[in-house]
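Novice: Structure below; questions to follow.
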Amino acid sequence: MSSESPIPDVVEGVTKGVLDWTAEKISDFVTKLKNKKLAFIQEPKTIEVVREQYNSGEAKFYQNYIKDKQLLFYVKLGLTLRKLENDEDRLRNLREKIFRKYGLNVLHIAEFVQNGILNRYVGILLEELTSIAKLEKDISETLSNIEKHTFFVQANHKKSDLLKKATIMISANSPSILIISGVKSAAKLISDNIEQLKEIMKDYEFERFAGGEKETLFFKRKGP
């Protein structure tokens, strides 16, 4: 997940990621696509990466528990973002196109997957698994209502924004699991204010999931 807002990137225009592909060749390639959902990506090399994710271990795992095909498609886009993390231009290009095509909510679903948050979230659910039906419902609910369950901290947020938004999310939604996540400068903002966040969420158990430039906090509501 990028802590930088995608909107400035979109305003600046989609970065060039087509390399040596001409407009005519891309149009022909897109026309021949069997999966028309991928046509919005346009760049053939990135489309091939998406296709590769269809057969990845993670994608096959989530196919068992995510019955909504559109949600599953967004998960595969997230796996693709992760695969492209070492190619900054193509990563930015795909993020921009997801935002243009589907909006911020879907971009956040994809970033939720990209950064491994979905994996850890499911791990938490599995620790207290009561039924497969409940697991499927919880995953679908969280992805479908991503903004109610996850606070994606942005680079322009201040301490007051962080604490106020966390308080509002707890008061308004009372989620069983609240996730706060950011990267780069947003990650530092989160890590600098962990104790204040824990104080706000005294009724929640706390778990920290950090690595590289990423910081994710999980707050799990105590009690039954």
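Every read-out reported here was derived from the displayed coordinates using simple, explicitly stated rules and does not represent laboratory data. No experiment lies behind these values; they were computed from the predicted model shown. As a convention, Cβ positions derive from the backbone with ideal geometry for all residues, glycine included, and neighbour counts pool all protein chains shown.
Novice: According to the square roots a ≥ b ≥ c of the eigenvalues of the Cα gyration tensor, what is the shape class of the range 147-221, taking rounded for a/c under 1.5, prolate for a/b larger than b/c otherwise, and oblate for the remainder?
Specialist: Prolate.
Novice: For the pair Arg100 and Lys188, what calculated FRET efficiency results from E = 1/(1 + (r/R0)^6), where r is the Cβ-Cβ distance and R0 = 30 Å, to the nearest 0.05?
Specialist: 0.55
Novice: Please turn the phi angles of the range 191-197 into ³J(HN,Hα) values with the Karplus equation 6.51 cos²θ - 1.76 cosθ + 1.60 (θ = phi - 60°), one per residue in order, whole Hz, x for glycine and proline.
Specialist: 5, 6, 10, 4, 5, 5, 5
Novice: Now, a different point. Run the simple label-point estimate for Lys198 and Lys36 please: 7 Å along Cα→C-beta, distance reported in nm.
Specialist: 5.3
Novice: Oh, and also: Do any trypsin sites (Lys or Arg not before Pro) in the range 38-77 lie in a loop, going by DSSP, with at most 12 other beta-carbon atoms within 10 Å of their beta carbon, and if so which?
Specialist: Listed in order of number, the matching sites are Lys67.
Novice: How much length is gained on full extension from Asn55 to Arg208, taking 0.36 nm per residue of separation minus their Cα-Cα distance?
Specialist: Gain on extension, Asn55 to Arg208, equals 52.1 nm.
Novice: Step through the table entries Lys97/Lys164; Lys148/Lys220; Lys37/Lys67, compare each Cα-Cα distance with 19 Å, and write down the pairs that go over it.
Specialist: From Lys97/Lys164; Lys148/Lys220; Lys37/Lys67, over 19 Å: Lys97/Lys164.
Novice: Return the subset of Lys45/Lys101; Lys45/Lys184; Lys165/Lys214 for which the Cα-Cα distance in this structure is over 21 Å, preserving the input order.
Specialist: Among Lys45/Lys101; Lys45/Lys184; Lys165/Lys214, the Cα-Cα distance tops 21 Å for Lys45/Lys184.
Novice: Separation of the range 184-211 and the range 132-155 by C-alpha centroid, Å?
Specialist: Spelled out, the Cα-based centre of one part sits 18 Å from the other.
Novice: From the backbone phi of the range 57-66, what are the Karplus-calculated ³J(HN,Hα) couplings (6.51 cos²θ - 1.76 cosθ + 1.60, θ = phi - 60°) in whole Hz, Gly and Pro given as x?
Specialist: Once θ is set to phi - 60°, the couplings for the range 57-66 become x, 5, 4, 5, 4, 6, 4, 6, 10, 10 Hz.
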